[in-house]
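See below for the structure under consideration.
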Amino acid sequence: MHARYRVPLGITAVGAAGLLYSAGFEARSFRLRRVTIPVLPAGMRPLRVLQVSDIHMVSGQRKKQRWLQSLAGLRPDFVINTGDNLSDTEGVPEVLDSLGPLMEFPGAYVFGSNDYYGPKLRNPALYLLEKAQGRHGLNGNAPAVGVIHNPWEDLRAGFDAAGWLNLTNTRGTLKIEGVSVELTGLDDPHIKRDRYAQVAGGPSGAADFAMGVVHAPYLRVLDAYTADDYPLILAGHTHGGQLRVPFYGALVTNCDLDTDRAKGLSTHTAEGRTSYLHVSAGCGTNRYTPFRFACPPEATLLTLVGRE
């Protein structure tokens, strides 16, 4: 082979191998992360919280469905679903079947933009462009036109029938073996459905512990929760960056959160107060970009323990 063809063919081969790995293996390499967070009042018994996020169910994803069903074996105290369950208008029955064993436990949920609207084919490079221009979702971009509407009402009905709390711009309380947990949730900030004014004011003080729940961790929301003195905020949306550079990390978060906090546990400070923030990298991908690299799909078992 002529030398001038070897380099481009080698690059093509490496790229093809990378796509095969990221779509064929890593995107289906489901795993559980375990995180301990010291946020409970001193002397309160630990709470085990399973966070599932960004399932992006496409009909026929049997391995993902079996893995989600298996998580019930963890027997958490309660489950938090931080949205984007769908990537297929036909996916609702499979989401409900996959989460069925988990819906035997107390739980709560918020929705993300992909629960309401179907995905559109777009150039992944646009995420980098939007980051550089400070544009994310409908927060700076023009409203979506001609979008597919998902049957989110059916998804809501299934969750509600199981007794999970709908935290769409509202509050709710879970009772768990004598412990009360107050949850304050928002609809998705990525498409400007959040209405923090409806839940503002901070924890009521009537529960043993309080936390905030949202799909997309936009800074305006994190600032509001933290200023209102919520000790813990759970979010998803970022996919952990989805395609991460080894030894560097995420390139984008698809919101205005910095890439250093694209996934995992961190802190957020606003108005002199500090909250813990946990961002799930999620367990799915948009059906049109079914790739993950250095960022395997996940669910997280959070063990909340007393503050030191």
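A short reminder: the numbers here are calculations on the coordinates, not readings from a lab. From a predicted model like this one, the values you see are computed outputs, not experimental measurements. Backbone-built Cβ (ideal geometry, glycine too); neighbour counts: all protein chains shown.
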Where Lys and Arg each count +1 and Asp and Glu each count -1, what net charge lies around residue 291 among other residues with Cβ under 12 Å from its Cβ? +3
Please list, ordered by chain and number, the residues whose modelled amide H lies under 5 Å from the amide H of residue 257; skip anything fewer than 5 residues away on the same chain. 219
Taking placed amide H atoms and a strict 5 Å upper bound, the residues 5 or more places from residue 232 or on another chain that come that close are 212, 276
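Mind ordering 148-156, 40-48, 55-63, 217-225 by average Cβ neighbours within 10 Å, highest first? Write down the numbers at each step before the final one.
Details: 148-156: 15.3, 40-48: 13.6, 55-63: 19.0, 217-225: 21.9.
Descending packing order for the listed peptides: 217-225, 55-63, 148-156, 40-48.
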Which whole-number percentage describes the relative contact order of segment 146-209, with Cα contacts under 8 Å and a sequence gap of 6 or more? 26
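Summing +1 for each Lys or Arg and -1 for each Asp or Glu, what net charge is found among the other residues whose Cβ lies under 9 Å from the Cβ of residue 105?
The answer is -1.
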Do you know the relative contact order of the chain, to the nearest whole percent, from alpha carbon pairs under 8 angstrom that are 6+ apart? 27
In whole Å, largest first, the alpha carbons of segment 215-301 cover along the principal axes 39, 22, 22
Estimated FRET transfer efficiency when R0 is 22 angstrom, pair residue 44-residue 74 (beta carbons, to 0.05): 0.60
With a 27 Å threshold on alpha-carbon distance, the violating pairs from 192/263; 175/263; 64/120 are 175/263
At R0 = 25 Å, how high is the FRET efficiency between residue 141 and residue 197 if r is their beta carbon distance? Nearest 0.05 is fine. 0.60
Full-extension gain between residue 220 and residue 204, please, as 0.36 nm times their residue separation minus the C-alpha to C-alpha distance. 3.6 nm
Please list log₁₀ I(q)/I(0) at q = 0.22, 0.23, 0.24 Å⁻¹ for segment 254-296, using the Debye equation with identical point scatterers on the alpha-carbon positions. -0.85, -0.90, -0.95
For every other residue with a beta carbon closer than 14 angstrom to the beta carbon of residue 128, add +1 if it is Lys or Arg and -1 if Asp or Glu, then tell me the sum. +3
Counting pairs of alpha carbon atoms under 8 Å apart in space and at least six apart in sequence, what relative contact order in percent does segment 103-179 give? 53
Computed E for residue 29/residue 152 - FRET, C-beta separation, R0 41 angstrom, nearest 0.05: 0.90
What are the extents of the Cα atoms of the chain along their three principal axes, in Å, largest first? 75, 42, 41
Phi angles of segment 241-247, converted by Karplus (6.51 cos²θ - 1.76 cosθ + 1.60, θ = phi - 60°) into ³J(HN,Hα) in whole Hz with x for Gly and Pro, give x, 6, 10, 9, 8, x, 6
Compute the Rg to Rh ratio over segment 51-150 from the alpha carbon atoms, using the Kirkwood formula for Rh, and round to two decimal places. 1.04
Nearest-ten-degree value, helix 152-161 long axis tilted from longest Cα axis of the chain: 40
Along the principal axes of its C-alpha atoms, what lengths does segment 188-239 span, in descending order and rounded to whole Å? 32, 22, 14
